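Laboratory data are not the source of any read-out in this text; all were calculated from the coordinates shown. The shown structure was predicted, so the numbers you read here are calculated from the model rather than taken from an experiment. FYI the Cβ positions are ideal-geometry reconstructions off the backbone, even for glycines, and counts take in every protein chain you see.
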Amino acid sequence: GQNIDQPTEMTATEGAIVQINCTYQTSGFNGLFWYQQHAGEAPTFLSYNVLDGLEEKGRFSSFLSRSKGYSYLLLKELQMKDSASYLCAVSNFGNEKLTFGTGTRLTIIP
Amino acid sequence: ETGVTQTPRHLVMGMTNKKSLKCEQHLGHNAMYWYKQSAKKPLELMFVYSLEERVENNSVPSRFSPECPNSSHLFLHLHTLQPEDSALYLCASSQEFKSNQPQHFGDGTRLSIL
């Protein structure tokens, strides 16, 4: 089976940095996605990691450690519009499906 | 604008009604998906179509019936639903049915069963 864990809720201050963690247990790992979902809107693709290391994309970075079954999403220079849910999803060889975590609801305060 | 459009955005129906959810993608993708999103639960994959053929049916009750008439359109026909079926139903598409490709989601249909 597969198991994905991420914190349910986090709060951070405007202008600061926040790290959202995701741990997973799975067989046939084929990459990890991060999506952002604002309330009442579509999840939107943020990043995809399949190799170990850090991928930077503007204010957002995503890190993966395959040996530890661990990823994080790093958001810098936080803005109020970053208040959203962040979904971690793992892909697997063979069944071609994504398995999602429950999401982390991030609230940015002034 | 994600390139995936879902209608209606909101739907309230009784348990004996029949209704359909519609999804259209303008991205030229070959794979389309239906997901169910309930509060405090992960996204649950319901159905997958690749090149208009159903390739996945995750033990979904028969009161949910998908239809994919062409690669740009996907429907979810609803009949005799239960209160626990109230949720956000999301449609998504990807270039191919491959797990390493990002999926593009619509804004969803918020379904409430009375």
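Remarks
- Hits in segment B:14-29 (condition: of a type outside the set (G, A, S) and under 15 Å from the mean Cα position of the chain (by Cα)): B:K19, B:L21, B:K22, B:C23, B:E24, B:Q25
- Considering B:A39, B:A87, the condition of being surrounded by fewer than 17 Cβ atoms within 10 Å (Cβ to Cβ) and either within 14 Å of chain A (Cβ to nearest Cβ) or in contact (Cβ under 8 Å) with a residue 24 or more places away in the chain (or both) is satisfied by B:A39 alone.
- Positions within segment A:66-110 being more than 13 Å from the chain's Cα centre (by Cα), in a strand (DSSP E or B) and away from chain B (no Cβ under 14 Å), in sequence order: A:T107, A:I108, A:I109
- Residue check for B:L11: under 13 Å from the mean Cα position of the chain (by Cα) and either at the interface with another protein chain (Cβ under 9 Å from one of its Cβ atoms) or of a type in the set (A, V, I, L, M) (or both): no
- Selection from segment A:1-24 of residues that are buried (at least 16 other Cβ atoms within 10 Å of the Cβ) and assigned to a loop (DSSP other than H, G, I, E, B): A:Q6
- Qualifying position, being closer than 14 Å to A:C88 by Cα, in contact with a strand residue (DSSP E or B) (Cβ under 8 Å, 6 or more places away or on another chain) and more than 9 Å from chain B (Cβ to nearest Cβ), among A:N30, A:N49: A:N49
- Within segment A:25-44, the set of residues being surrounded by 21 or more Cβ atoms within 10 Å (Cβ to Cβ) and hydroxyl-bearing (S, T, Y) comprises A:Y35 only.
- Here B:N100 clears all of (1) touching a Phe, Trp or Tyr at 6+ places or on another chain (Cβ under 8 Å); (2) surrounded by 17 or more Cβ atoms within 10 Å (Cβ to Cβ); (3) under 23 Å from A:L32 (Cα atoms) except the condition numbered (2).
- Candidate set from segment B:51-71 (those that are among the small types (G, A, S) and over 13 Å from the mean Cα position of the chain (by Cα)); member that is nearest to B:M15 (Cα to Cα): B:S62
- Some residue of segment A:57-65 being of a type in the set (A, V, I, L, M) and within 10 Å of chain B (Cβ to nearest Cβ): no
- Within segment A:27-41, the set of residues being free of Cβ contacts under 8 Å to residues at least 24 places away in the same chain and closer than 14 Å to A:Y86 by Cβ comprises A:E41 only.
- Note on segment A:25-49: among residues that are part of a loop (DSSP other than H, G, I, E, B) and within 24 Å of B:G3 (Cβ to Cβ), the one that is nearest to the chain's Cα centre (by Cα) is A:P43.
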